Amino acid sequence: MNRLRLLSSFVLLAGALGCHAQKLSPADARRVEVLIRNKFNVPPYYDVAIGERRKSEMPGFDTVTVTFTNLEAEQNAAATKNFDFLISQDGKTFAQLNRYDIPQDPGAGISDGNRPARGGPASAPVHIVIYDDLQCPFCARMHAQLFPAILERYGDKVHIVYKDFPLGQHPWAVHAAVDANCLAEQSAPGYWSLVDNVHAHYADVPPLKPSADKDAKSADAVKPATDLLDKWTRDEAVKQKVNLEKLNACIAKQDDSAVTASIKEGDSLGVDATPQLFINGERLAGALPLKYVYKMIDGALLAAGVTPPPAPADPPAAQKPAGN
């Protein structure tokens, strides 16, 4: 099912531009160009060329392609861009519209990826996929808000997974993600316990060690941090009684291919910062107050035909001490 979504308001052009003409007259093309320059604040060093009219899928409108050329662009740069606009067949209305396919399932393109899950089973009505960075302070804040509050409120109605999206400016984030994934291979509860611990104590991870190496993220500079992360991972592994030989081999190898694939997947979804949540496909970016997460989850439950739990009660107002 398709729909056309209006991105800019219809703008009336004074006078008619002529009906069904394949090519606008120089005077009419100039009037359209001036309109575009004024409405879109096009710089003077851009050339604006108005193409011929052609049939569109929008009743009563033709399509025109407008070509923008940066006259000051460096050689071999992408100096030219084309955008389609609509012009009414009576020549009085000009508009820009984008066309989108409405998916049957907004979350269909965002899989759990067999990641360790919290909450309900895979059949739960709401799936929450969170792109996370274990060195990100905003992720730590969001994590503290979500757990255990979200599980206490929704129980098995939500199925939650974390996916790796370590940012380039965080020197030990990839190592932490690899360590967590090594533990996840043997213990989902261990994975979540480690994630809880790293987010709660990320500030305790040692800062980069001064190094003669100009690369601040060199193995030597970051070693105090990675040593502590490895220790936390092994400590949790002992609690979970996993195969330590297998775990240690995984930690030593530091295979980040799965992390790289997760980053690539996030990139394809438009993830450019952390944390980012997808709640049945609906995006929520940043460490926002929990009430907005609840609002999105409640909407997803209603769409699935499930009644959300009652809204949390407001905290009681503080009472003033009795006067003497």
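Tabulated results
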read-out: Residue under evaluation residue 60, criteria (1) in the same structural domain as residue 25 (by TED's automatic domain parsing); (2) surrounded by 13 or more Cβ atoms within 10 Å (Cβ to Cβ), criterion not met; value: (2)
read-out: Test result for residue 241, among the basic types (Lys, Arg) and more than 16 Å from residue 163 (Cα to Cα); value: yes
read-out: Among (1) crowded, with 17+ Cβ neighbours inside 10 Å; (2) assigned to a strand (DSSP E or B); (3) outside the structural domain of residue 266 (by TED's automatic domain parsing), the one test that residue 130 misses; value: (3)
read-out: Count - residues of region 232-262 that are in a helix (DSSP H, G or I), of a type outside the set (Val, Ile, Thr) and without any contact (Cβ under 8 Å) to a residue 60 or more places away in the chain; value: 15
read-out: Selection count where residues are more than 17 Å from residue 276 (Cα to Cα), surrounded by fewer than 12 Cβ atoms within 10 Å (Cβ to Cβ), of a type outside the set (A, V, I, L, M) and modelled with pLDDT under 95, scope region 287-314; value: 2
read-out: Odd one out for residue 220, checked against (1) assigned to a helix (DSSP H, G or I); (2) under 30 Å from the mean Cα position of the chain (by Cα); value: (2)
read-out: Residue 167 surrounded by fewer than 20 Cβ atoms within 10 Å (Cβ to Cβ) and over 30 Å from residue 47 (Cα atoms); value: yes
read-out: Residues of region 18-55 classified as modelled with pLDDT of 90 or more, in contact with a strand residue (DSSP E or B) (Cβ under 8 Å, 6 or more places away or on another chain) and not in a strand (DSSP E or B), total; value: 8
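The values are calculated or read from the model by the stated rules, or taken from the named source; none is laboratory data. Bear in mind that the values here come from a model prediction, so they are computed numbers and not experimental data. All Cβ positions, even for glycine, are placed from backbone atoms using ideal geometry, and neighbour counts span all protein chains on display.
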